[in-house]
Each structure stands twice: as C-alpha cells, then as structure tokens.
Amino acid sequence: MPNQQFALTSVFQALSDPTRRAVIERLTRGPAAMTQLAKPFAMALPSFSQHLDVLESCGLVHSKKSGRVRSYRLAPGPLARAEHWMARQRSLWEQRLDQLDAYANRLQEQQS
C-alpha cells in the first residue's frame, strides 16, 4: 500500500504543473518527438526535458530513442489509477453530503 500511495502522490505532483498537463493532453493524440512537444513552450530544451523526466519517472509517459530522436507516448495506467482514486473520493464525499442534507432536512422538519 505505501508504494501505491507514493506512486499516486508522484502522479499528482507531476500533474500539478500546467506544462506537464499540456504535454499529457498533447500525447492523448499520439506519440511525439521531444522537439514537437517542446515547440509550444517558451523554454530551453534542457528545461523542457526536465518536465518530461518528471512525467517519465512517475510512469505517465514512456520514451523511446531512435537515432537522435527521442519520442514519447502516453502510459495510461497511472492516470487510470488516479482517476479511480478520485472517483472513490467523489463517491465518499457525495455520500457525506447526502447525509448532511438528510440531517439538515430532519432539523428543519423538527423546527416546523
């Protein structure tokens, strides 16, 4: 369980940056070379490479080098686990809010 928590934490940390989220969004359309991924961003390639390293270290992307070109592709597993965690949390909070609503309704009925 602690390893799963660490993996989930690293995914959320990686997704906390808007540049990395944009890279993930771009990779939903298919694999791309690092230079293609970096093009929309006003930063040096070594700085952009650090973002890709973060994404790769938490398993959100995989890279492959062919000659001098490194290409990246999305690895959906960690995203699916994060989505599953968020769905469980949403369900829990919806249940709690329903209980709070029922309690508020009972209080209101008692005051009437």
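Among the residues of segment 35-47, is any touching a residue at least 40 places away in the same chain (Cβ under 8 Å), touching a strand residue (DSSP E or B) at 6+ places or on another chain (Cβ under 7 Å) and closer than 15 Å to R70 by Cβ?
No - not one qualifying residue is present in segment 35-47.
Take the conditions aromatic (F, W, Y) and crowded, with 16+ Cβ neighbours inside 10 Å and apply them to F41. Does it pass?
no
Going by what's in this entry, would T28 be described as without any contact (Cβ under 8 Å) to a residue 40 or more places away in the chain, under 17 Å from P76 (Cα atoms) and hydroxyl-bearing (S, T, Y)?
Answer is no for this residue.
Going by what's in this entry, would R81 be described as charged (D, E, K, R) and more than 20 Å from F12 (Cα to Cα)?
Criteria not met by R81.
For a quick check of your reading: which helices (runs of 4 or more DSSP H) sit entirely within the chain and have at least 1 residues that are at pLDDT below 95 and touching a Phe, Trp or Tyr at 6+ places or on another chain (Cβ under 7 Å)?
2-15, 76-111
Restricting the search to segment 67-93, which residues are free of Cβ contacts under 8 Å to residues at least 12 places away in the same chain and surrounded by 15 or more Cβ atoms within 10 Å (Cβ to Cβ)?
none
Would you call V61 within 12 Å of I24 (Cα to Cα) and aliphatic (A, V, I, L, M)?
Here the answer is yes, as V61 does meet what is asked.
The values are calculated or read from the model by the stated rules, or taken from the named source; none is laboratory data. For clarity, every value in this text was computed on a predicted model and none was experimentally measured. Note: ideal-geometry Cβ built from the backbone for every residue, glycine included; neighbour counts use all protein chains shown.
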